[in-house]
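Undergrad: This structure is in C-alpha cells; I'll ask about it shortly.
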Amino acid sequence: STVQRFGFKPVMLIVILYFAIFNEAVCDLFQRFGSALVPWGSLQLKQKQYAKDFQPIDPDCQCPTCRRHSRAYLHALFKSDTAALHHITIHNISYQLTLMRSARQSIIEQRFPEFVKAFMKRMFASREQYPSWAVEALRSVNIHVS
Ligand SMILES: [Zn+2]
C-alpha cells in the first residue's frame, strides 16, 4: 500500500528526532558537570584520577581539543578558570556531530535499529540503566532496546 511504501521515511525522521533530543539532553546534563562525552560514557575530568592521565579525552576523536590537550591538562585547567569547560564543549559538540553522521550513515545502510542498540549498549553498563522514556520512545517506533 501507499502507507507502507512511504511510511518508512517519516518514521525514521521521528526516530532521529527522538535520538537527537535524547542525545542532546544527555550532553546538556553532562556538560553542566564538566563531563566529556566518549563512546563508552563520559569522563569527569575534575576527578583526581585524571591528574596524570596524558591521553586525549578520546584517542579516536579528531576534534581540536583531543588533538591539543590531554586529560591531565584539562584536569589542571579546571582549578584555575572556566577555559576547561570551553575545551570540553568543543569536544562534546564534535562528539555529537560524529554521532549524528554515524546515525545518518546507518540509515543509508538500513541498519539504524542496530546502530541505536549498539549506542545504548556502549553508553550504559546495563539495560536497567536505560532511561525509561528513551526505551518507550524507541519502542513506539519499533526499536526494542530492552
Ligand atoms: Zn575530542
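Undergrad: I'm trying to understand the selection: among the residues of segment 46-65, which are under 14 Å from SER35 (Cα atoms), within 11 Å of the ligand (Cβ to nearest atom) and either open to solvent by 20 Å² or more (accessible area, probe 1.4 Å) or in a helix (DSSP H, G or I) (or both)?
TA: Result: PRO56, THR65.
Undergrad: Still on this structure, I have one more. Can you pull out the residues in segment 122-135 that are outside any loop (DSSP other than H, G, I, E, B) and either out of contact with any helix residue (DSSP H, G or I) (no Cβ under 9 Å at 6 or more places or on another chain) or among the polar types (S, T, N, Q) (or both)?
TA: Of everything in segment 122-135, those that are outside any loop (DSSP other than H, G, I, E, B) and either out of contact with any helix residue (DSSP H, G or I) (no Cβ under 9 Å at 6 or more places or on another chain) or among the polar types (S, T, N, Q) (or both) turn out to be ARG122, GLU128, GLN129, SER132.
Undergrad: Any residue at all in segment 94-117 that's under 13 Å from the mean Cα position of the chain (by Cα), free of Cβ contacts under 8 Å to residues at least 12 places away in the same chain and under 19 Å from PHE19 (Cα atoms)?
TA: yes
Undergrad: Taking the condition of being open to solvent by 40 Å² or more (accessible area, probe 1.4 Å) and within 15 Å of the ligand (Cβ to nearest atom), how many residues in segment 30-45 meet it?
TA: Total meeting the criteria: 3.
Undergrad: Only one residue in ARG5, ARG71, ARG32 is charged (D, E, K, R) and modelled with pLDDT of 70 or more, so which one is that?
TA: One residue alone meets the criteria, ARG71.
Undergrad: Also, I was wondering about something else. Looking only at residues in segment 66-75 that are within 13 Å of the ligand (Cβ to nearest atom) and either open to solvent by less than 30 Å² (accessible area, probe 1.4 Å) or not in a helix (DSSP H, G or I) (or both), which one is nearest to ILE93 (Cα to Cα)?
TA: Among those residues, the one meeting the criterion is CYS66.
Undergrad: List pairs: first residue in segment 134-146 and free of Cβ contacts under 8 Å to residues at least 24 places away in the same chain, second residue surrounded by fewer than 19 Cβ atoms within 10 Å (Cβ to Cβ) and among the basic types (Lys, Arg) anywhere in the structure, Cβ distance under 6 angstrom, at least six positions apart or on different chains.
TA: Note: pairs meeting the criteria are SER146/ARG127.
Yes/no matrix, rows are residues, columns are (1) in a helix (DSSP H, G or I); (2) closer than 25 Å to GLN44 by Cα; (3) within 15 Å of the ligand (Cβ to nearest atom); (4) of a type in the set (Val, Ile, Thr):
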site	(1), (2), (3), (4)
ALA84	yes, yes, yes, no
HIS87	yes, yes, yes, no
ASN92	yes, yes, yes, no
LEU97	yes, yes, yes, no
PHE115	yes, no, no, no
MET120	yes, yes, no, no
ALA137	yes, no, no, no
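The values are calculated or read from the model by the stated rules, or taken from the named source; none is laboratory data. It should be emphasised that the depicted structure is a prediction, and the values quoted were computed from it without experimental measurement. When we count neighbours, we look across all protein chains shown, and the Cβ atoms used for this are built from the backbone with ideal geometry, even at glycine. Heads up: the accessible areas ignore ligands, DNA and RNA and are worked out on the full protein's heavy atoms, side chains in. Shrake-Rupley method; radii C 1.70, N 1.55, O 1.52, S 1.80 Å.
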